[in-house]
Amino acid sequence: MSAARTWRVLFLPGDGVGPEVTAEARKVLEVAGRRAGASFEFDTGLVGGAAVEATGVPLPPQTLRAARRADAVFLGAVGGPRWDGLPADRRPEAGLLALRRALGVHANLRPFRVHPGLAGASPLRSEVVAGGVDVLIVRELVGGLYFGRPRGRWPHPSGARAVDTMAYCTGEVRRVARVAFGLARRRRRRLASVDKANVLETSRLWREVVEEEAAAFPDVELEHVLVDTCAMRLVQRPRSFDVILTENTFGDILSDLAAGLVGSIGLLPSASLADAGAPAGGTRRSPGLYEPVHGSAPDIAGRGVANPVGAILSAALLLRHGCGLEAAARRVEGAVWTTLAGGAHPPDLGGGSGRPLGTAELGDRIARAVETGPGRGEGDEEALT
Ligand code: NAD
Ligand code: IPM
Ligand code: MN
């Protein structure tokens, strides 16, 4: 039913390696959509430093209008040293934050895996990751320190005083908790809610609301973990986690820790959803925002060596959460792991057999694997997210 639709996807390639990895995600999306009998209408817009150069602002009104009209928005990355000296509201990152906030994408899904065939890429000892790691971080994305007021910088006898505010209300915690519990129910039914309730008032409210929400999900086992302990446990016993639910800043930091654990930040995808739980492919929903977890990687940009896997796996999340095309999403994920485990490696992963592959070469290999890979039902793995 949903396969017959045409999905409008707005691509915002952004800066640095953003355009390079986005091109590969688009390639794979096209092939996977064709195989699933779905069609896509692609549009492209400006965000971040690229938008600053062209229009003077990091999120031009026409980009926001196009994003609101789209069924899904796919973003590469924003930022770079060229724009680091700009006033806060004109920095590329401010464009991304404004886009997340304007689309109301409060639930940021960041799944990460150490695939059994890729354990060598992880810096952790093989017995720690043996059997594979498969964790989903659900990061609250439009609240907390990133958006709290007051915020600013004032003169101070010692020089200056700067303030950021971490604030959460019941409703903000409840809606993201509900998403995380719902996703845990479709996985291994374990939820770790991560906070700093031994110190922070926001965390004490967070814990209370998560406890209340747990009553509606008696089949999901809930534990509360302090964020510092969580960081340690992720390194020592990553397999002890299924779904991790946490606030904005903690989720930002823990997901880069997860990237280090897996072996490269180039491997991690994300999906940011406004109304997770509403049926994909049903009546009009707010568009989700799909982006790799990594940034613009200025140190390697323009050389065609960036790892496109995080972007390609974000395209799989778009198929799953944006279009309700679960089989197509799994086909893409299967193609990624088969290709990597077969020895085709980008430079950041090391190992592999033979010469490392460039961005487009690896994208082509994965697209070909999607084209020729098993159809519905065959070779399916457990649903990840
Ligand atoms: P980064 O993620 O861009 O890079 C960190 C390291 O990981 C670098 O060594 C980089 O080469 C490597 N790396 C990143 N993506 C890779 C890929 N696809 N393949 C191979 N290696 C990859 O983080 P940073 O250097 O701290 O930030 C650079 C800029 O990106 C900053 O302006 C920052 O604000 C921005 N940023 C944007 C996003 C986003 O757009 N979502 C996310 C993080 C950082
Ligand atoms: C991320 C990035 C962004 C964040 C920055 C670029 C605003 O680090 O998506 O993880 O902090 O959310
Ligand atoms: Mn980050």
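The values are calculated or read from the model by the stated rules, or taken from the named source; none is laboratory data. These figures come from a predicted structure and were not determined experimentally. Cβ placement follows ideal geometry from the backbone for every residue including glycine, while neighbour counts extend to all protein chains displayed. To get the accessible areas, we keep the full protein, side chains included, count just its heavy atoms, and leave off ligands, DNA and RNA. Shrake-Rupley method; radii C 1.70, N 1.55, O 1.52, S 1.80 Å.
Of all residues in the stretch 349-371, those satisfying the criterion of being more than 15 Å from E30 (Cβ to Cβ) and open to solvent by 60 Å² or more (accessible area, probe 1.4 Å) are G351, S353, G354, R355, P356, E361, R365. Within the stretch 298-345, restricting attention to residues that are open to solvent by 20 Å² or more (accessible area, probe 1.4 Å) and of a type in the set (D, E), the residue that is nearest to G80 (Cα to Cα) is D299.
In the stretch 73-100, the residues that are within 14 Å of L46 (Cβ to Cβ) and in the same structural domain as L318 (by TED's automatic domain parsing) reach residues that are assigned to a helix (DSSP H, G or I) and among the aromatic types (F, W, Y) with C-beta atoms within less than 7 angstrom, at least six apart or across chains, in these pairs: P92/W83. Residues considered: D71, D89, D84. Of these, the only one that is open to solvent by 10 Å² or more (accessible area, probe 1.4 Å) and either under 21 Å from L318 (Cβ atoms) or among the aromatic types (F, W, Y) (or both) is D71. Restricting the stretch 122-155 to residues that are in contact with a Phe, Trp or Tyr (Cβ under 9 Å, 6 or more places away or on another chain) and assigned to a strand (DSSP E or B) leaves a set whose member that is surrounded by the fewest Cβ atoms within 10 Å (Cβ to Cβ) is G148. State whether the residues of the stretch 172-184 include one that is open to solvent by 80 Å² or more (accessible area, probe 1.4 Å), at pLDDT 95 or above and either within 16 Å of F241 (Cβ to Cβ) or within 19 Å of the chain's Cα centre (by Cα) (or both). Within the stretch 172-184, one or more residues are open to solvent by 80 Å² or more (accessible area, probe 1.4 Å), at pLDDT 95 or above and either within 16 Å of F241 (Cβ to Cβ) or within 19 Å of the chain's Cα centre (by Cα) (or both).
Looking across the stretch 97-115 at every residue that is within 17 Å of V293 (Cβ to Cβ) and open to solvent by 20 Å² or more (accessible area, probe 1.4 Å), the one that is nearest to ligand 2 (Cβ to nearest atom) is identified as L97. Screening the stretch 309-320 for residues that are touching a Leu at 6+ places or on another chain (Cβ under 6 Å) and more than 16 Å from ligand 3 (Cβ to nearest atom) and picking the one that is farthest from P347 (Cα to Cα) gives L319. For the stretch 99-128, a tally of residues being more than 13 Å from ligand 1 (Cβ to nearest atom) and within 22 Å of the chain's Cα centre (by Cα) returns 17.
Among the conditions (1) of a type in the set (A, V, I, L, M); (2) more than 13 Å from V138 (Cβ to Cβ); (3) not in a helix (DSSP H, G or I), I253 misses just one, which is (3). So which pairs qualify, if the first residue must be in the stretch 250-266 and open to solvent by less than 10 Å² (accessible area, probe 1.4 Å) and modelled with pLDDT under 95, the second must be near ligand 2 (Cβ under 9 Å from one of its atoms) and part of a helix (DSSP H, G or I), the Cβ gap must be under 7 Å, and the two must be at least 6 apart or on different chains? Cβ pairs passing all conditions: none. Taking the criterion of being farther than 18 Å from G288 by Cα and under 21 Å from the mean Cα position of the chain (by Cα), the residues of the stretch 49-90 that qualify are G49, P58, G79, G80.
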